[in-house]
Amino acid sequence: MSTAAVNPETTGAYGVGLATIAADGTVLDTWYPAPKLGRADEPAGRITAEDAGAELGADPSLGVDETRGVEVVAVRTVIERLSDAPSDAHDVYLRLHLLSSRLVRPHGQNLDGVFGLLTNVAWTNHGPCAVADFERTRMRLRQRGPVTVYGIDKF
């Protein structure tokens, strides 16, 4: 746990992550390998592969995955105050990563409405996939090898 107490009224958070976007534009997940507390120097939104590589310390796997029917994009997410309710799926995933990274304590941030901001996802060994028409996606994925569905849930 962070040595400093987090005050959600004044503490913000930010992170650069890789988002998986379904063909219809739905955010399936966003992975933040190094979320941070504090104020961001840069605005939220999609970022270039070059900027993502500089931020993440590696060349990210970005682009369209036609087999899964998704696009992986780099994003920067900024939360001004953790006491505010999440605004979108990227925001929710950043908050979940803050918990997983033990940067905030349970109940140390506002998680109101998170389930309404997330969609159900087919979590597979090939990555997240849209639930709609998943059996067709599974058939395409089988060309890569065995397909394991770990679950269908929001996260």
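The values are calculated or read from the model by the stated rules, or taken from the named source; none is laboratory data. Fair warning: this is a prediction, and the values are worked out from it, not measured in the lab. Every residue, glycine among them, receives a Cβ derived from its backbone with ideal geometry; neighbour counts consider all protein chains shown.
Observations on the model:
- The set of residues from the range 1-50 being surrounded by 14 or more Cβ atoms within 10 Å (Cβ to Cβ) and over 19 Å from I79 (Cβ atoms) comprises T20, I21, A22, A23, T26, L28, A49.
- Residue in the range 91-101 that is farther than 19 Å from G12 by Cβ and at pLDDT 95 or above present: no
- Count of the range 124-155 residues, restricted to those that are under 17 Å from the mean Cα position of the chain (by Cα), of a type in the set (A, V, I, L, M, F, W, C) and crowded, with 18+ Cβ neighbours inside 10 Å, is 2.
- Residue pairs whose Cβ atoms lie under 6 Å apart, separated by 6 or more positions or on different chains, with the first residue in the range 31-44 and in contact (Cβ under 8 Å) with a residue 60 or more places away in the chain and assigned to a loop (DSSP other than H, G, I, E, B) and the second surrounded by 12 or more Cβ atoms within 10 Å (Cβ to Cβ) and of a type in the set (G, A, S), are Y32/G15; Y32/G17; P35/G15; P35/S101.
- Of all residues in the range 56-82, those satisfying the criterion of being touching a residue at least 40 places away in the same chain (Cβ under 8 Å), over 18 Å from L28 (Cβ atoms) and part of a loop (DSSP other than H, G, I, E, B) are E80, R81, L82.
- Residue within the range 87-102 that is touching a strand residue (DSSP E or B) at 6+ places or on another chain (Cβ under 7 Å) and assigned to a loop (DSSP other than H, G, I, E, B) present: no
- Residues of the range 1-30 satisfying the condition of being farther than 27 Å from D133 by Cα, in a loop (DSSP other than H, G, I, E, B) and modelled with pLDDT of 95 or more: G12
- Residue among E55, E71 that is modelled with pLDDT under 95, surrounded by 15 or more Cβ atoms within 10 Å (Cβ to Cβ) and on the phi < 0 side of the Ramachandran plot: E55
- Check on A122, without any contact (Cβ under 8 Å) to a residue 40 or more places away in the chain, of a type in the set (G, A, S) and within 17 Å of A19 (Cβ to Cβ): yes
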